[in-house]
1. Please verify whether H270 is buried (at least 24 other Cβ atoms within 10 Å of the Cβ) and assigned to a loop (DSSP other than H, G, I, E, B), treating the condition exactly as stated.
2. Being surrounded by fewer than 16 Cβ atoms within 10 Å (Cβ to Cβ), among the basic types (K, R) and either in the same structural domain as A150 (by TED's automatic domain parsing) or within 14 Å of the chain's Cα centre (by Cα) (or both) is the requirement here; does K225 meet it?
3. Quick one: how many residues across region 183-204 are in a loop (DSSP other than H, G, I, E, B) and farther than 16 Å from M217 by Cβ?
4. Go through (1) of a type in the set (S, T, N, Q); (2) surrounded by 24 or more Cβ atoms within 10 Å (Cβ to Cβ); (3) out of contact with any strand residue (DSSP E or B) (no Cβ under 8 Å at 6 or more places or on another chain) for T73 and report which single condition fails.
5. Mind listing whichever residues of region 94-125 are basic (K, R), under 25 Å from G228 (Cβ atoms) and part of a loop (DSSP other than H, G, I, E, B)?
6. If V87 satisfies every condition in (1) within 28 Å of K225 (Cα to Cα); (2) out of contact with any Cys (no Cβ under 6 Å at 6 or more places or on another chain) but one, which is the exception?
7. Name the single residue that is surrounded by the fewest Cβ atoms within 10 Å (Cβ to Cβ) among those in region 128-182 being in a loop (DSSP other than H, G, I, E, B) and among the hydrophobic types (A, V, I, L, M, F, W, C).
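The values are calculated or read from the model by the stated rules, or taken from the named source; none is laboratory data. Quick caveat, the model's predicted, so the values are computed rather than measured. We place every Cβ from the backbone using ideal geometry, glycine too, and count neighbours over all the protein chains shown.
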Amino acid sequence: MEQPPRSFHSLSPEGAGQPASGGRARADQKLLTIRNLAVNFNGLPAVDRINLDVAPGEVVGVVGESGSGKSVTMMALMGLIDAPGKVSADEVTFDGKDLLKASPKERRKIIGKDIAMVFQDALTSLNPSYTVGYQIKEVLKLHEGLRGAALHQRALELLDQVGIPDAKNRIMSFPHQMSGGMNQRVMIAMAVACNPKLLIADEPTTALDVTIQAQIMELLVKLQKERGMALVLISHDLAVVSEVAQRVAVMYAGEVIETNKVPDIFAAPHHPYTEALLAAIPEHNVGAVRLAALPGMVPGRDDRPKGCLFAPRCKYVVDDCTKARPALAPLPGLADATANATADATPNAATEVTRVRCIKPLNLTGDANVHTHGGAR
C-alpha cells in the first residue's frame, strides 16, 4: 500500500559552511531533492505534487504566471508557511539530510545558513526599526558566532561585496534611508553572509527600474559563480532565465508541468503551456496585428478539473487529457504515459533533466505514437 506523505513540520522563521563546489554541476549529484511536496490552505491546494532536484552549483530557473505556486513552494522549503497552511511531502532532502526527520533545532542550523533566501520586496522584508548593519550582524551572530570587532568588520565586508558604496556610513542606515536597489543589495548580503550552499532568489528585481534590475542580476550571478553555490531563481522574466539558468522548471496552477535544460526548453518546448508562454513574448510577435494570448483562466484552488489542469485552455486537447491527471514523467517514457497518469513518476536525479506533465507532449521525434510541434495528430 502506498504510504501517505509525511508532514513537513514548520521551520521556525526566527532561526535558521562551506560553499558548494564551483563549476558545472555533476549529473549524478543532488544537493536538494523534493518529492511530492504539497501545500494546502483550508483544504485547498496551493501547490501539489512538486518534484524538484537541484545539483551543487547548479542554477535552476522557476517560471510561471503569478499565483502558479513558485514562491509558495520555496516558502514551504524555508518553513515559512503559517497557519492555516499545511505542508506535506514524501521526501525533502538537503545535502544528504532528511529535513522531514530533522528536529526544529537541527533545521534552524540549516535554514538561513546553508539554505538562504532573497525575498521579493526588500523594503518590506527588512525590519524598519533596525539599521541594516544590525540586521546583517544578527545573521552572523546566530550562525557564525561572531562578536565585537570581527562581527563589525565582516558586516562591512559583506556590504562592500554587494556593491554598497561608503559601507562605513551605510552600515548605520535604516532601510527607509536607502533606495530600493540598495535595500535589495542588503538583502543579498544577509542571504550570502554564511556562504549558503543553496540560495533562493524570489523575484529579486521586483519594483526596481530596468538598469537596477540588470545590476542586481549581475551581482547574483557574480556571487553564485564566486562562491559555487546553487541558485534557484524565481522569475517572470524569461529572457533573464534563459541567460542565467542551466535548467528551468515551468509551473502552472500549483504544479511543475515541465523541466528541461537551457536552451532546449526555449527552442523546443514539450508542454503546450510552455509553448504558449514563450509565444506571448512580445519579441516573438513582431509584425503581428495582435500579441499572442492564451484564452481562459488558470483554474482556481476550488475548481480544479479532473484531468490535466491545462486542458480547458489547451488547443491540442484530446479526450484522454480530461480523464486523469498526467504525471510529471521523464520524456523518453511518455509514449505510454496514459497508463501511468494517476501517479507521478519518480525522477532518478539531475540525469533526467527533461520531464513533462502531458500525455501528448510537443516536439518529439522518433516515436510515431506521439506528435511533433504543431499539436496532436
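1. So H270 passes the test.
2. yes
3. Residues meeting the conditions: 5.
4. (3)
5. If the condition is that a residue be basic (K, R), under 25 Å from G228 (Cβ atoms) and part of a loop (DSSP other than H, G, I, E, B), then K113 is the only one that fits.
6. All conditions are met except number (1).
7. M172
A quick yes/no check of all residues on (1) at positive phi; (2) in the same structural domain as S68 (by TED's automatic domain parsing); (3) at pLDDT below 95:
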residue	(1), (2), (3)
H236	no, yes, yes
P272	no, no, no
R290	no, no, yes
G296	yes, no, yes
